[in-house]
Structures are given as C-alpha cells and as structure tokens.
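One structure is given here, and the rest of the page talks about it.
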Amino acid sequence: MSFILAPSILSADCLHLEREIKLINQSEADWLHVDIMDGVFVPNITFGFPVLESIVKVSDKPLDVHLMIVEPQKFILQFRDLGVYMLNVHYEACLHLHSVVSKIKAAGMKAAVTLNPHTPVESLEDIIQDLDMVLIMSVNPGFSGQSFIPQSINKISRLKEMILRKGSNTLIEVDGGINIETGKQVLEAGADVLVAGNFIFNSDNLKEAIHKMKQILTTKL
Ligand code: DX5
Ligand code: ZN
C-alpha cells in the first residue's frame, strides 16, 4: 500500500523558501501543502497570493492548498489561475458547501473539504461522492507543531467506512501532529495522504526525514 506525502511549507524557513522548496522538489514528497490563513477563521495569518505566486514558480510538486479563510468561494478562480492542483475549503467556512465544491471542480481543480476536530464526518454523508478528498484536521487549525488529537483515528475509520459504503474514490488526508508514530496509526485507520510540517522541516535533514516517512508502513515502532 502506498500513500501520498505532502510536506507543509508553513514550517519551512521563510527566509529561504526557494531553497526549501527546491529540496522538496528533489525529495520523495508527492505534493506540497500550502496553508493560507486569514486571521479571522483561525487565530493566525500566513501568506497570500504574492507569496503563493513565488512558490508556484519554484515548486515541481502539485500544490495542495489548505484555505483557513472565511468566504473561500471569492478566490476560487485566482487559485485556479495560479495552477493549484487541490483546493481545500473548510466545512465550517462554507454556508453553501455543495455550490463551492461544484465551482472548484468547474474551475478545473480537485476539490477537498476540511473538517475541524469537532465536526463529525457524518456531516459529509450527502456530499462525499462529489469530493476528491476529505482533510481531517488532527489539531485545531492555525499553527504547526501541535500534538495529534487521538480521537482523529476514530474519525478516519468512520470516514473510510462511509467512503467504501458509498463506493466513492474520495481520498482521506490527515493534517496536524503527524510523525512516524501518528502517521502509521492514521494510515492503518484508512488515510491516503499525510501532511507533515514540524516533523519534516525541523529535522536535521529534510530529504532524509521525507524518506523515513515514506518508509513508515514498514517501520517497526
Ligand atoms: C495547521 C496546518 C498544518 C500544519 C501542520 O493549521 O493546517 O498544515 O502546518 O504542521 P505540523 O505537522 O507541525 O502539525
Ligand atoms: Zn494544513
């Protein structure tokens, strides 16, 4: 069984973003995860379009953009124009989720819906077939370097069961507090995509940390 690994650029050294992204390009990582925060939906602010534009110029990996912003529907076409591969919107930020998802797909991107730790996976029962991916937040969104919330494992199992029951191809991504131990647990529960920030960027050797994580399923804990 293989899985997709998406390092989160939020934990990178922002003074040397180009260098960090080039290292990701040379690594076994599959996607690049980009966290966009507005200081309203979450208690933190990261980067916007000018920085994303620069990231796009350097990254060879498909961009997995995680929007932690209110009214994400306002910016769909701008993300499409930048060449974003997967656009993640928060369930809690979308009053008309079906409409937002349809617009993302009509714009030519893959559509993902993100669930905060308190939002039950059952909220997606009637839209799951329309989603390319569900992102389970295993920390409260806003910051890297937080501890994994153990209840996320049960959510992943329930979501996997729902996806199989509906015969959907929806991927499950998990974001927050992922390291070798928690990464292995979430993959065993049914995850397809791991996001990792702190574990990768605060290691001594980024490419080695990515390699180690890609071996996770054969690693003995
Ligand atoms: C948190 C972000 C995450 C974060 C993950 O709100 O969505 O993508 O960068 O960082 P770690 O892996 O350090 O928890
Ligand atoms: Zn994220």
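Structure notes:
- Dipole magnitude (debye, nearest 20) for segment 1-97, charges at Cβ of Lys, Arg, Asp, Glu: 140 debye
- In segment 86-221, the portion of solvent-accessible area held by carbon and sulfur atoms comes to 49 percent [1.4 Å probe, whole percent, DNA, RNA and ligands not counted].
- The relative contact order of segment 174-221 comes to 42 percent, based on Cα pairs under 8 Å that sit 6 or more residues apart.
- Computed with a 1.4 Å probe on the full set of protein chains, the accessible area for Glu181 sits at about 110 Å².
- Carbon plus sulfur fraction of accessible area for segment 2-46, probe 1.4 Å, in percent: 54 percent
- Assigned charges on the beta-carbon of Lys, Arg, Asp, Glu; segment 146-221 dipole about Cα centre (debye): 260 debye
- Per-residue ellipticity at 222 nm from helix content only, as computed over the chain with -39500 (n - 2.57) for each DSSP H run of at least four residues, stands at -9500 deg cm²/dmol.
- Hits among aspartates and glutamates - C-alpha to C-alpha of Lys57 under 14 Å, sequence gap 8 or more where chains match: Glu18, Glu20, Asp81
- For segment 165-221, trypsin sites (Lys or Arg not before Pro) are listed when DSSP marks them as loop and at most 16 other Cβ atoms sit within 10 Å of their Cβ; the list is Lys220.
- Choice from Leu194, Leu17, Leu135 with maximal GNM fluctuation in the chain (Cα, 10 Å cutoff): Leu17
- Normalising the average separation of contacting C-alpha pairs (under 8 angstrom, six or more residues apart) by the number of residues puts the relative contact order of segment 4-218 at 20 percent.
- Heavy-atom surface of segment 1-75, accessible at 1.4 Å and reported per residue (Å²): 46 Å²
- For the chain, the fraction of alpha-carbon pairs lying more than 33 Å apart is 9 percent, rounded to a whole number.
- Check: segment 4-218 dipole with +1 on Lys, Arg Cβ and -1 on Asp, Glu Cβ, in debye: 260 debye
- Here's the picture: charge each Lys and Arg Cβ at +1 and each Asp and Glu Cβ at -1 in the chain, and of Leu77, Ile24, Leu171 the one pushed furthest to the positive end of that dipole is Leu171.
The values are calculated or read from the model by the stated rules, or taken from the named source; none is laboratory data. Fair warning: this is a prediction, and the values are worked out from it, not measured in the lab. Don't worry about glycine lacking a Cβ; one is built from the backbone with ideal geometry, like all the others, and counts go over all protein chains shown. SASA here: full protein model, heavy atoms, side chains in, ligands and nucleic acids out. Shrake-Rupley method; radii C 1.70, N 1.55, O 1.52, S 1.80 Å.
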